[in-house]
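In what follows, a single structure is set out as structure tokens and then discussed.
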Amino acid sequence: MALWDRIKDSAQTMQSQLVAKKNDLKSGAFRDASMAMCALVAAAGGPSRTESGGGSVDPAERQRVAALIGGNEVLQNFPADDLRQRFNKYVDQLTADFDFGKIGVMQEIAKVKKKPAEARAVIQIGIVIGGADGDFDAQERKVVRDVCFALDIPPAEFDL
């Protein structure tokens with residue numbers, strides 16, 4: 001199976017697992033951590049990466065990820081405007097100073113650490129968003145792996 005097909009299948013599997021847990025994923029901490037994860041993946045996949053792995057998020061990438069967020073069935077538990085506002089806030093933090101912004105974003109993500117189902121769902125959302133374009137690249141995988149470590153979840157659990 002081609003790499004692109006594996007990425008697409010993996011993202012679809014993750015999305016199916018998320019939908020199955022949709023009713024358990026309604027907390028504010030999950031909402032915030034999910035938007036922080038989406039911003040982190042968007043910044044990691046941005047066109048102007050720095051050596052630390054982050055970069056700017058061009059308007060097209062921001063719009064693409066925002067559309068994915070809006071169309072994600074699990075995230076429809078929350079008002080779309082609220083999600084957009086939070087996503088944009090985290091993207092702005094990361095684009096202003098990726099390394100410093102990443103600290104704040106990771107602190108937001110860490111708030112779900114004590115709820116394993118939410119923590120795993122945040123990681124799955126990162127994989128779904130990163131793999132949605134068929135190219136879950138090395139920088140996107142790295143930031144999702146970093147989140148796994150921050151949440152004390154083995155990256156191997158997600159084939160990272």
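The values are calculated or read from the model by the stated rules, or taken from the named source; none is laboratory data. Predicted, not measured: the structure shown is a model, and the values here were computed from it. We work out accessible area using only protein heavy atoms, side chains counted, and drop any ligands, DNA or RNA first. Shrake-Rupley method; radii C 1.70, N 1.55, O 1.52, S 1.80 Å.
Once the chain from Ile103 to Phe149 is taken as fully extended at 0.36 nm per residue, the excess over their C-alpha distance is 15.2 nm.
Rounded to the nearest Hz, the phi-derived 3J(HN,Hα) couplings of the range 139-153 under the Karplus curve 6.51 cos²θ - 1.76 cosθ + 1.60 (θ = phi - 60°) are 5, 5, 4, 4, 5, 5, 4, 4, 5, 4, 4, 5, 9, 6, 10, where x marks glycine and proline. Within the accessible surface of the range 40-160, defined with a 1.4 Å probe on protein heavy atoms only, the carbon and sulfur portion equals 51 percent. Which of rounded, prolate, oblate describes the range 87-160, given a ≥ b ≥ c as roots of the alpha-carbon gyration tensor eigenvalues and a/c under 1.5 marking rounded, otherwise prolate only if a/b is larger than b/c? Taking the square roots of the gyration eigenvalues as a ≥ b ≥ c, the range 87-160 is oblate. Cross-link pairs exceeding 18 Å between alpha carbons, from the set Lys114/Lys142; Lys89/Lys115; Lys26/Lys115; Lys89/Lys114; Lys115/Lys142: Lys114/Lys142; Lys89/Lys115; Lys89/Lys114; Lys115/Lys142.
Extension gain for Ala96-Arg84 works out to 2.5 nm (0.36 nm per residue, less the C-alpha to C-alpha distance). Amide H contacts of Asp137: none lie under 5 Å away among residues 5 or more positions distant or on a separate chain (H built 1.01 Å from N in the peptide plane; Pro and chain starts excluded).
Computed with a 1.4 Å probe over protein heavy atoms only, the accessible area of Leu160 comes to about 40 Å².
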